[in-house]
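Everything below concerns the one structure shown next.
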Amino acid sequence: MTAPDIHRTINAVWRIESAKIIGALARMVRDVGVAEELAQDALVAALEQWPRDGIPDNPAAWLMQASKHRALDLLRRRKLHASKEDEIGREIDAQHAMAAADFAEAVDAALDDDVGDDLLRLVFTACHPVLSPEARVALTLRLLGGLTTDEIARSFLVPEPTIAQRIVRAKRTLAAARVPFEAPRAQELGARLASVLEVIYLVFNEGYSATAGEDWMRPALCDEALRLGRILAGLVPEQPEVHGLVALMEIQASRSAARVDAQGEPVLLLAQNRARWDHLLIRRGFAALQRAEALGGALGPYALQAAIAACHARARTPEETDWTRIAALYEALAQLAPSPIVELNRAVALSMAFGPAVGLELVDALRDEPLLQGYHLLPSVRGDLLAKLGRKAEACAEFQHAASLTRNARERKLLLMRALACSGSPLPVPAPETPAE
């Protein structure tokens, strides 16, 4: 195997196993920042040794073992956790005494110990409310996604030093606040879980509808959010909102291939070729939604949004969409988690169910909402409703205003095309897209 092949193998193993390794080390040293440094040291050792000595039979176990050796050395230097030192030292001494044929099996058994608990602790630590949302996202992608600082920066179109500073500050903040490396207690779980779900959905949304740059979507971020959501659902299977979020992301991600044309230009929901939707992801989304519903109680915000997405997924054609049910689900969502954006989505659903005049009345009531000032989808939705009512000049002005607010180049082009169509050009007018879509 060539050196580039070995490096690719190391990167692949690291991306898959790094969260488990960091979680195990954080349990030992009680510091997420130190745990990541120790894991990185083991990664550097692999990059140095594997091209020379060959890839181990069990690369993941090799990285875990090398990391634990470094953690033990650190504990010895600090002269802390004496009982833990003795326990781990005996484990390592015993492993050294084993025959090579038995080593991988023994390490595999050791890796099963507390892996789920360690990952759960790492999730809740990286998403701790003491951190800003931006810091939570960066730290989560770094520790749980195994992404490099450069990869995170490129995904969010932020300078690499900015992301690096966020991650460093996040680690320092956790250390200064003495945030324990533990899963929250039952009475704290709801609030802490909400923070975790928020981070995962922020990552997904940035991938699904990029806020800036040349690309309409960043699929790698959607994939990473889905991976994190699925891991979390396996760690806390009794939490319905976790399954609700997974369902929402699975169903929305199912449309990815149909959301852009061959040139990478946006294709809005009602104009999409539904044959290109990923029906495996849709089935997975339906199954996750059923799990959320089976756990009992009223649906939470993510499960309600998943139920809305399911309405679209069940419609074989745009005309079959049950907009009345979607409007009712948005009404329920507005009561549970009121926000101007939910109201804007509800206006779109009402317009589709009962006519554009009904939707426009609600949109106009939102025009002075402080949280929607500068939000490009407000004039975009208003422009669509005005166009349907034949008020072309007003619609043109709204689309132009929306284009001036968005930072995404593809979306700006689409909005300017819609403005041009309203001004009398024969250009086709794309179907509307709700803010959540």
Exercise. Could you pull out the trypsin sites (Lys or Arg not before Pro) across the stretch 327-400 that fall in loop regions by DSSP (anything but H, G, I, E, B) with no more than 12 other Cβ atoms inside 10 Å?
Key: Arg367
Quiz item: Taking Cα pairs under 8 Å and at least six residues apart, what relative contact order does the chain come out at, in percent?
Solution: 11 percent
Self-check item: Efficiency of FRET from Cβ geometry, Val158 and Gln335, R₀ 41 Å, rounded to 0.05
Solution: 0.70
Exercise. Could you pull out which residues in the stretch 239-276 have an amide N less than 15 Å from a spot 7 Å beyond the Cα of Ala194, following the Cα-Cβ vector?
Key: 241-242
Quiz item: For Leu280 and Arg78, FRET efficiency with R0 = 60 Å and r from the beta-carbon atoms, rounded to 0.05?
Solution: 0.75
Exercise. Could you order peptides 233-240, 180-187 by the average number of other Cβ atoms within 10 Å of their residues, highest first?
Key: 233-240, 180-187
Quiz prompt | Crossing angle, helix 100-111 versus the chain [Cα axis fit, 0-90 degrees, rounded to tens] | solution = 50 degrees
Quiz item: Dipole of the chain, Cα-centred, from +1 at each Lys and Arg C-beta and -1 at each Asp and Glu C-beta, to the nearest 20 debye?
Solution: 840 debye
Quiz item: Quick one: how many lysine pairs in the chain have C-alpha atoms under 29 angstrom apart, if they're 8 or more apart or on different chains?
Solution: 11
Practice problem: For Val260, enumerate residues with amide H under 5 Å from its amide H, sequence gap 5+ or separate chain, H modeled in the peptide plane. | Solution: Val267
Exercise. Mind pulling the angle between the C-alpha long axis of helix 392-405 and the longest principal axis of the chain? Nearest 10 degrees, somewhere in 0 to 90.
Key: 20 degrees
Quiz item: What does the charge dipole of the stretch 225-367 about its Cα centre add up to, to the nearest 20 debye, if the Cβ of each Lys and Arg holds +1 and the Cβ of each Asp and Glu holds -1?
Solution: 480 debye
Exercise. List the relative contact order of the stretch 298-420 as a percent without decimals, with contacts defined as Cα pairs under 8 Å and 6+ residues apart.
Key: 15 percent
Exercise. Pick out which of Arg274, Arg192, Arg78 has the largest mean-square fluctuation in a Gaussian network model of the chain, springs linking Cα atoms closer than 10 Å.
Key: Arg78
Self-check item: Global form of the chain, assessed from the alpha-carbon gyration tensor, a/c cut-off 1.5
Solution: prolate
Self-check item: Listed residue (Leu268, Ala253, Gly424) projecting farthest to the positive dipole end of the chain, Cβ model
Solution: Gly424
Quiz item: In nm, to one decimal, how far is the modelled label at Glu319 from the one at Arg15, with both set 7 Å along Cα→Cβ?
Solution: 4.4 nm
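Where a number appears in this text, it was derived from the coordinates with a stated rule and is not lab data. Just so it is clear, the structure is predicted and the values come from calculations on it, not from any experiment. Neighbour counts are summed over all protein chains in view; Cβ atoms, including those assigned to glycine, are modelled from backbone coordinates with ideal geometry.
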